[in-house]
Amino acid sequence: MMGDPIEYLFLAARAAQANAHAPYSGFKVGAAIRCEDGSIHAGCNVENAAYPVGTCAEAGAIAAMVAGGQQEIIDIVVIGSGDKPCFPCGACRQRIFEFSGPRTRVHLRANGGIESFTIGDLLPHAFGPATLA
Ligand code: THU
């Protein structure tokens, strides 16, 4: 793959965002995941007239990743409408945590550049598989 893999991930997230179904909020979100094997899995938010049934972009990207046979997020990019950084919602932090490892990073556009976070930054003291073990 040519160029910066994170910039490429932003392009994949942008392409998915363009297909978002967000007629109720008007807020389109795109997410893209890169895995160890180099595969990329993208998702967008898919809203529903029955509002709570709607799903987040990260959920779509994670579902695509799992369906594609991967279980660990190396990098995930999230982009929303407008210029502000689109931090994952609380539920999506939990979804990302489920498929995270020591190398997992969450990348957002902020302040004219890219800001990167660990899932521990975003969801400290998480409830996860280790809690159940
Ligand atoms: N949304 C996402 O897709 N991901 C997030 O992490 C935050 C929120 C979507 C849900 C809804 O369709 C719209 O953004 C407004 O909340």
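Side notes on the structure shown:
- Taking the DSSP bridge list for the range 5-132 and keeping only pairs wholly inside it, about 75 percent are antiparallel.
- Furthest towards positive pole of dipole, 20, 112, 126, structure part the chain, Cβ charges: 20
- Summarising the amide proton neighbourhood of residue 86: residues at separation of 5 or more, or on other chains, whose placed amide H is nearer than 5 Å comprise 80, 109.
- Dipole moment magnitude, nearest 20 debye, the range 72-133 about Cα centre, only Lys, Arg, Asp, Glu C-beta charged: 60 debye
- Shape category assigned to the range 5-56 from the gyration tensor of Cα positions, a/c cut at 1.5: prolate
- Of all stretches in the chain that contain no GluC sites (Glu not before Pro) in a DSSP loop with at most 16 other Cβ atoms within 10 Å, the longest one is 73-133.
- Where the chain is the region considered: accessible area per residue in Å², 1.4 Å probe: 54 Å²
- Coil-residue chymotrypsin sites (Phe, Trp or Tyr not before Pro) of the range 11-107, DSSP, other Cβ within 10 Å capped at 12: 24
- Extending 7 Å from the Cα toward the beta-carbon at both residue 72 and residue 51 defines two label points whose distance is 4.0 nm.
- Shape of the range 5-132, Cα gyration tensor, a/c cut at 1.5: rounded
- With contacts taken as Cα pairs under 8 Å and at least 6 residues apart, the range 5-132 reaches a relative contact order of 20 percent.
- With Cα atoms defining each centre, the range 21-56 and the range 59-133 are spaced 13 Å apart in the structure.
- Here the gap between residue 98 and residue 114, fully extended at 0.36 nm per residue and compared with their Cα-Cα distance, gives a gain of 3.4 nm.
- Set of the range 56-98 residues, backbone N closer than 13 Å to the point 7 Å along the Cα-Cβ line of residue 24: 56
The values are calculated or read from the model by the stated rules, or taken from the named source; none is laboratory data. Computed from a prediction, not measured in an experiment: that's the story for all the values here. Reconstructed Cβ throughout: ideal geometry from the backbone, glycine too, with neighbour counts over all protein chains shown. What goes into the accessible areas is simple: the full protein's heavy atoms, side chains included, and nothing from ligands, DNA or RNA. Shrake-Rupley method; radii C 1.70, N 1.55, O 1.52, S 1.80 Å.
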